[in-house]
């Protein structure tokens, strides 16, 4: 498919990265296949995650088609951009249409990006995952690539004012070895395996993150078990118990 909108958006994002002097670290880029369909399953901690998730596929020269809630496609500015980049709208009341659109994209050799937690995790830990990513990969015999982001929540996340102009923020993008779910596998079991892998990846990048809160009022972006003041997962995510 023709991509007229996507390349300029990427160029603008890279310009902003440089202007803000972001400290971006990308690990495991080779795990994104250079050709053919693939599903990227990424954690969700910020409203900007799709930008950085897409950046993780840049070395492989892939343009990620994200599944995103349909309200974004109705926005007067965001809508034309989302459609121009061939992202996939998700209507939670009529999810089959988006699922079929994602299947078609995968069969056409596209990379589809999915946030299997469905919503931003206020605790910044991995929530319970929906099984859609595993089902898409199994139905199309494509790899299921786990990815985790860390640091993006410091720019703009749920329940906190956005701060898009802060400079020098470190962002880590970590990409893990793909899973290859088969059609006959229990996709709930595959999803549980995916979650376990993403949890381990996230714990590693959190503990290796090169920056710390600037003071007592800046601990909100760290999870509780690392000394931060983010809410406990049990408060917002009882299903994760």
Theoretical FRET efficiency, 1/(1+(r/R0)^6), r = Cβ-Cβ of residue 203 and residue 30, R0 25 Å, to 0.05: 0.70
The range 65-99 versus the range 156-210: alpha-carbon centroid distance in Å: 22
Inter-site label distance for residue 61 and residue 17 at 7 Å from Cα along Cβ, in nm: 1.8
Relative contact order, percent, the chain [alpha-carbon distance under 8 Å, six or more residues apart]: 26
Distance in nm between pseudo-label sites at residue 92 and residue 226 (7 Å out along the Cβ direction from Cα): 2.7
Cα→Cβ-extended label distance, 7 Å offset, between residue 118 and residue 139, nm: 1.7
Within a Gaussian network of the chain (alpha carbon springs, distance under 10 Å), most fluctuating of 197, 65, 74: 74
Gyration tensor verdict on the range 1-122 (Cα atoms; rounded if a/c is under 1.5, prolate if a/b is larger than b/c, oblate otherwise): rounded
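So if R0 is 25 Å, what FRET efficiency would residue 184 and residue 104 give, r being the distance between their Cβ atoms, rounded to the nearest 0.05? Spell out each step's value before the answer.
Numbers: r = 23 Å, r/R0 = 0.91.
Using R0 = 25 Å, I get an efficiency of 0.65.
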Cα shape, the range 22-80, gyration tensor, a/c 1.5 rule: prolate
Shape of the range 135-241, Cα gyration tensor, a/c cut at 1.5: prolate
Candidates 173, 126, 24, ranked by Gaussian network fluctuation over the chain, Cα under 10 Å, top entry: 24
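Would you mind getting me the FRET efficiency between residue 217 and residue 158? Use the beta-carbon distance for r and R0 = 25 Å, nearest 0.05.
The calculated FRET efficiency here is 0.85.
Quick note: the coordinates plus some simple rules give every number you see, no bench work behind them. Note that this is a predicted model, so its numbers are computed, not measured. Methodologically, a virtual Cβ is constructed for each residue, glycine included, from the backbone with ideal geometry; neighbour enumeration extends over all protein chains shown.
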